Amino acid sequence: MKTTLFTIIFVLVSITGFSQSNEYYQAMGESLGGYANCKSGDDFRALGNQFERIAQAEADQWLPLYYHAHCNIIAAFIETDPAKKDAILDIAEKSMNRAIELAPNDADAHALHAMFYTARLVVNPMERGQKFGMLSGQAAGKALALDSTNPRARLINLQNEMGTAQFYGKDTSVYCDEARKLLSEWDNFKAKSPLHPNWGKDQAAGIVESCK
Amino acid sequence: MKFLIPLILFFATVQLLAQTTISGTIKARNEGTLPGANVYLKGTYDGASSDANGKFSFNTQKSGNFMLIVEYIGYEPFTRDVVLNGTAINLNIELQETFNKLEAVTITAGTFEAGDKKRANILSSLDMITTAGANGDVFGALQTLPGTTTVGESGRLFVKGGDSDESKTFIDGALVHTPYNAAAPNTSTRGRFNPFMFKGTIFSTGGYSAEYGQALSSVLLLNTNDMPVEDQFDISLLTIGPEIAGTKLWKTGAVTATLGYFNLGPYMNLVPQNYKWSHAPEGFSSAVSIRQKTGKSGMLKIYSSYDASNFIIGQLDLEQNKVVDYNLDNNNFFVNTSWMTKAGENRTLTTSASFTNNVDKAAFDTTNFDKELKGFHLKQVVSQEMGSRITMRAGAEWMHSFTEQTFKSPANIFVNGFTNNTLAGFTEAEMYASKHFVARLGARVEHSDYLNRTNFSPRITAAYKLNETSQFSMAYGWFFQNPSDDYLVYTDKLNYERADHYILSYQSLLKGRTLRAEVYYKDYRNLAKQGNGEFYLPESYNNNGSGYAGGFDLFIRDKKSVKNGDYWISYSYLDTKRDYRDYPEMATPTFASKHNLAVVYKHWFGSIRSYAGVNYKYSSPRPYNNPNSTEFNGERTLAYQTLDISWSFLFRTNIIFYGAVNNVPGFKQEFGRRYSNVPDDSGIYRSTSIIPGSGRFFILGCFITFTKKGDKNQLEKIQ
């Protein structure tokens, strides 16, 4: 993971030109490299700030918005105070909605939207379960409908199903085959560019690990 | 290639020359440094986040004039023009908190709000419908909140020493003339509306907005659901009858149709009853609900229902000293519509209207008593935001009602009725002085053509936030209501009844724990009284009654201490006396309990996919009058106690089984005694005790939901 990221950064940095577009690639590449150093929620929010800066300079790019939302969703999962979780998700929500407006047919945008709704749900599963569970399911369904091979769409769909089963006290081992299949096929999916989402393999591996 | 080197050198030099360092500290006004703020130059990628000490520093290659922006959630963005010329820039920046109504102080005096908004509500919509003992009745669930008294022989809402007709119910802003189902005398009723229709509930036990009139004690504001999210078909099978509901969506709207039938006959054959039912309660209900989006932000909601029910119960006729059948037929037609739309960025228009046609036909022995009510309500409200801190609201409404009571005996027919039109207007301003202080000033004017009287009611509420978790609220206002229809059918020579409310409330919300304490005093005046003359003569009525009610309410909610568990405790102390109706003197009314306690507990058992609820309620003895005694309202009922349980089991994701028992230990419940109208030969008024229909109540059910995806269920319905 780290080596690929460094390679990407190296390639991006070495093709530095004078155009705005190359500056964009460089800034995005550096920020994407930042994921490797993030540990705490504050780290993710600071990285989110970097993406937000790129997003405000590049009004028609959806990827900086996507990553800004992604960083804050992760930070919300790490946060333990429910009120703060919601406040962080409010930050993510704006970028999330804007990203979907710009890339309405991208499976990754909808997959992240599903993850966003799940983050809203976990703030209070008892009260929000029904509404946000359904919204998350719908977003994941939309992502899969756009691209059934997208591994993040498959991952989030799988996580949702396992989460629901767990909540209702059902056995989650039935999802293990699907998780193994997802992991084995993970690398078959080729991201559209080095800047496009490429995360999630670790989580898939984690699910497979927990099945053993 | 050689030419590249000087070029690169040239650019490198320019960049070196132009590099500017920008650093500084970010602080919040009065609140120390802010870590994690985003500092950047507008239109560039250059910037940094402030560190744990609020410090930031970054370099930029840019030169010239740029705008520096600092952003942090919950604070106003900070902007500053900077000139980049290589000279280091150091800034100490102070951010100002954004004014956000959702985080600001809220007026809570007298008000319980239940909803699914993100804001920390004391109750969620779910709580409204998952309380054991209430069995899915909105009014039953509200009776676990402080300020209410459970009156077993009525089932209606009695709030802070007020009679049940002092409470009014509104759906999407429009008045509901007949919120309760028809019930036999001295038996408990239920609400007409399915609680799952509502996304939010505001229950105000006093001091409410000038938008609401014709209620001396409380208003219940029910807000219906917005658009459903998918097509579905529901089947409910309960021991008292089945119900089916179907929802169909289209792009900008949806329709839901519901059909239900109930018959308590089979149940009453199995479970022994205290009364003899010649015809068990039976009826059918139908409803159609339409949602349509209009324009960019508008929403039109239409709900219409038709219910018909009938029963025959044997009641002891104390004059004849024998059991006589009491037969009641009820027909109720109801339409409720509302249309809400934005007119410009800051203006909202809401139109609401309702129409009710309710007919009760009662027969007892050889007499018939028919009651017909036609009610219409139309209201237009404009809400205008003036900046982020002031909201102005104004509205006008027309309430029309036609009431007719027909009394038939073998010898006579008496028909009495009246038509009333009340026109009203109100205006209200809500002003936030800061995040910590809000005040709402309002006034309302009403004119009734039947009484030919006008009233004016000022209303004031304010709230002050002490700190992040606690706040005080107060409310004061005048409240008017027409005297009871039972009097107005005989006279138009009455004035409005009036109650003045004084409320002081404290609330503390801390991570899943809530504490509410409230003290109040209500001053009743001009209460309608029936004097000594004959009941059908207009001169027999006057407005000489008066009264007071005072007390304190306590509410504790805790979702935190027990894992997967959640409970609340309500306690109310009430001291009240009044002289009204046919009372000979000031006395504590029959519906008032000095002490009321409710404890509600819910628990989720994940391993067995079950949701269990238990609920205990206690009300201290209430007074009732014994005409054989010289002391008015001198007798006391038994204390009221009940312990209810409910259990839901998720069998499949779309199938749920449900069971509930009310009054599990079989506490003896008796609501006083009923006396004959005239004494017998020995000069004694004969009497019989008023008891509920049965000692315990059981219900079993099964809920099945079909959707395209097949994973939705009605768990929300019965948890």
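The values are calculated or read from the model by the stated rules, or taken from the named source; none is laboratory data. This is a predicted model, so every value here is computed, not measured. Don't worry about glycine lacking a Cβ; one is built from the backbone with ideal geometry, like all the others, and counts go over all protein chains shown. Accessible surface areas use protein heavy atoms only, side chains included; no ligands, DNA or RNA. Shrake-Rupley method; radii C 1.70, N 1.55, O 1.52, S 1.80 Å.
Taking B:ARG636, B:ARG453, B:ARG686 and ordering them by how much accessible surface each has at a 1.4 Å probe, largest first, produces B:ARG636, B:ARG453, B:ARG686. Does anything in segment B:296-334 have its amide N under 19 Å from the 7 Å Cα→Cβ label point of B:ASN412, and if so which residues? In segment B:296-334, the label zone of B:ASN412 (backbone N under 19 Å from the point 7 Å along Cα→Cβ) covers B:319-320. A probe of 1.4 angstrom, applied to the heavy atoms of all protein chains, finds B:TYR432 with accessible area near 20 square angstrom. With each label modelled as a point 7 angstrom along the Cα→C-beta vector, the B:THR239-B:GLU404 pair spans 4.2 nm.
Debye-formula intensities of segment B:347-426, expressed as log10 I(q)/I(0) at q = 0.15 Å⁻¹, are -0.67 (one equal scatterer per alpha-carbon, no solvent). Projecting label points 7 angstrom from Cα along Cα→Cβ for B:PHE706 and B:ASN346 puts them 5.2 nm apart.
Take B:TYR506, B:TYR675, B:TYR520 and sort them by solvent-accessible surface of the protein heavy atoms, 1.4 Å probe, largest at the top.
On the way: B:TYR506 65, B:TYR675 40, B:TYR520 20 Å².
Ranking B:TYR506, B:TYR675, B:TYR520 by accessible area, largest first, yields B:TYR506, B:TYR675, B:TYR520.
Taking a point 7 angstrom from the Cα of A:GLN166 along the C-beta vector, which residues in segment A:104-134 have backbone N less than 18 Å away? Residues A:114-130, A:132-134 fall inside that zone.
What FRET efficiency would be calculated for the residue pair B:PHE364, B:THR630, taking the C-beta separation as r and a Förster radius of 35 Å, to the nearest 0.05? In this case the efficiency is close to 0.70.
Where does the protein assembly as shown land at 222 nm, in deg cm²/dmol rounded to the nearest 500, when only DSSP H runs of n ≥ 4 count, each adding -39500 (n - 2.57), divided by all residues? Please list the in-between numbers first.
On the way: 16 runs with 198 residues, N = 931.
Taken over the protein assembly as shown, the calculation gives -6500 deg cm²/dmol.
Put simply, the amide H of B:THR224, placed in the peptide plane, has neighbours under 5 Å in B:ASP172, B:LYS199, leaving out anything fewer than 5 places away on its chain. For chain B, the Cα-based Rg and Dmax, in that order, read 30.9, 131 Å. For chain A, the longest principal axis of the Cα atoms and the long axis of helix A:107-123 meet at an angle of about 50 degrees.
Between the alpha-carbon centers of segment B:601-615 and segment B:511-571, tell me the distance in whole angstrom. First find each Cα centre; the distance between them is then 32 Å.
Using Cα pairs under 8 angstrom and six or more residues apart, how large is the relative contact order of chain B, in percent?
Values: 2010 pairs, mean separation 73.0, N = 719.
Computed value for chain B: 10 percent relative contact order.
List the GluC sites (Glu not before Pro) within segment B:444-546 that DSSP assigns to loop and that have no more than 14 neighbouring Cβ atoms inside 10 Å. Those that pass, being in a loop and sparsely packed, are B:GLU468, B:GLU534.
Since only A:PHE189, A:SER95, B:LEU237 are under comparison, the one whose Cα sits farthest along the positive direction of the charge dipole of the protein assembly as shown, derived from C-beta charges on Lys, Arg, Asp and Glu, is A:PHE189.
Taking 22 Å as the cut-off for C-alpha to C-alpha distance, list the pairs among B:LYS560/B:LYS594; B:LYS322/B:LYS668; A:LYS142/A:LYS192; B:LYS296/B:LYS435 that go past it.
On the way: B:LYS560/B:LYS594 31 Å; B:LYS322/B:LYS668 25 Å; A:LYS142/A:LYS192 19 Å; B:LYS296/B:LYS435 31 Å.
Pairs exceeding 22 Å: B:LYS560/B:LYS594; B:LYS322/B:LYS668; B:LYS296/B:LYS435.
At a Cβ-Cβ separation cutoff of 4.7 angstrom, cysteine residues of the protein assembly as shown with no neighbouring cysteine are A:CYS38, A:CYS71, B:CYS702. For B:TRP398, the accessible surface of its heavy atoms amounts to roughly 100 Å² (probe 1.4 Å, protein chains only, rounded to the nearest 10). Could you please state, rounded to a whole Å, how far the C-alpha centre of segment B:631-658 is from the C-alpha centre of segment B:29-85? Cα centroid of segment B:631-658 versus Cα centroid of segment B:29-85: 59 Å apart. Taking the charge dipole of the protein assembly as shown about its Cα centre, with +1 at Lys and Arg Cβ atoms and -1 at Asp and Glu Cβ atoms, the residue from A:TRP62, B:PHE632, B:TRP250 reaching farthest to the positive side is A:TRP62.
I need the semi-axes of the equivalent ellipsoid of the protein assembly as shown: take the C-alpha gyration tensor, multiply each eigenvalue by 5, square-root it, list largest first in whole angstrom.
In descending order the semi-axes read 62, 32, 23 Å.
Between B:PHE58 and B:SER689, what FRET efficiency follows from the Cβ-Cβ distance if R0 is 56 Å, with the result rounded to 0.05?
Values: r = 83 Å, r/R0 = 1.48.
FRET efficiency, B:PHE58 to B:SER689: 0.10.
Per residue, the average separation of C-alpha pairs within less than 8 Å and at least 6 apart gives segment B:141-267 a relative contact order of 19 percent.
Set the Förster distance to 56 Å, then compute FRET efficiency between B:LYS42 and B:ILE608 from the Cβ-Cβ distance, nearest 0.05. After rounding to 0.05, the efficiency reads 0.45. Extension gain for the segment B:ASN310 to B:GLU385, taken as residue separation times 0.36 nm less the Cα-Cα distance, is 22.1 nm to one decimal.
For segment B:292-435, the relative contact order works out to 17 percent when only alpha carbon pairs closer than 8 Å and six or more residues apart are counted.
Calculate the dipole size of chain B relative to its Cα centre from +1 charges on Lys and Arg beta carbons and -1 charges on Asp and Glu beta carbons; express the result in debye to the nearest 20. Each step should come with its number before you reach the end.
Values: 71 positive and 67 negative charges, 521 e Å.
Once rounded to the nearest 20, the dipole reads 2500 debye.
With one equal scatterer per alpha carbon and no solvent term, the Debye-computed log10 I(q)/I(0) for segment B:423-498 at 0.19, 0.25 1/Å reads -0.81, -1.09.
For trypsin sites (Lys or Arg not before Pro), the sites in segment A:96-202 that DSSP calls loop and that have at most 13 other Cβ atoms within 10 Å are A:LYS190, A:LYS192.
Taking a straight Cα-Cα cut-off under 16 Å and skipping sequence neighbours fewer than 8 places away in the same chain, the lysines within cross-link reach of B:LYS27 are B:LYS55. Dipole magnitude for segment B:198-336: computed about the Cα centre from +1 point charges on Lys and Arg Cβ and -1 point charges on Asp and Glu Cβ, it is near 620 debye. Taking 16 Å as the cut-off, the amide N atoms of segment B:371-392 that come nearer than this to a point 7 Å along the Cα-to-beta-carbon line of B:THR294 belong to B:378-383. Ordered by 1.4 Å accessible area with all protein chains kept, B:MET268, B:MET586 run largest first as B:MET586, B:MET268. The C-alpha atoms of chain B define a longest principal axis, and helix B:4-18 lies at about 60 degrees to it.
So which of A:LYS39/B:LYS62; B:LYS293/B:LYS379; B:LYS168/B:LYS361; A:LYS131/A:LYS170; B:LYS251/B:LYS708 end up more than 25 Å apart, counting from Cα to Cα?
In this structure, A:LYS39/B:LYS62 lie more than 25 Å apart at Cα.
The spacing between segment B:206-273 and segment A:134-151, judged by their C-alpha centroids, is 33 Å. Dipole magnitude for segment B:438-513: about 540 debye, using +1 per Lys or Arg Cβ and -1 per Asp or Glu Cβ, origin at the Cα centre. Most simply put, the protein assembly as shown has about 95% antiparallel DSSP beta bridges, counting only bridges with both residues inside it. Evaluated at q = 0.07, 0.14, 0.15 Å⁻¹, the base-10 log of the normalised Debye intensity for chain A, with identical point scatterers placed on the Cα atoms, takes the values -0.21, -0.87, -1.00.
Using a simple spin-label model with pseudo-atoms 7 Å out from Cα toward Cβ, B:SER278 and B:LYS563 lie 6.0 nm apart. For A:MET28, the accessible surface of its heavy atoms amounts to roughly 0 Å² (probe 1.4 Å, protein chains only, rounded to the nearest 10).
On full extension, the segment bounded by B:GLU94 and B:LEU510 gains 146.9 nm, given 0.36 nm per residue less the C-alpha separation.
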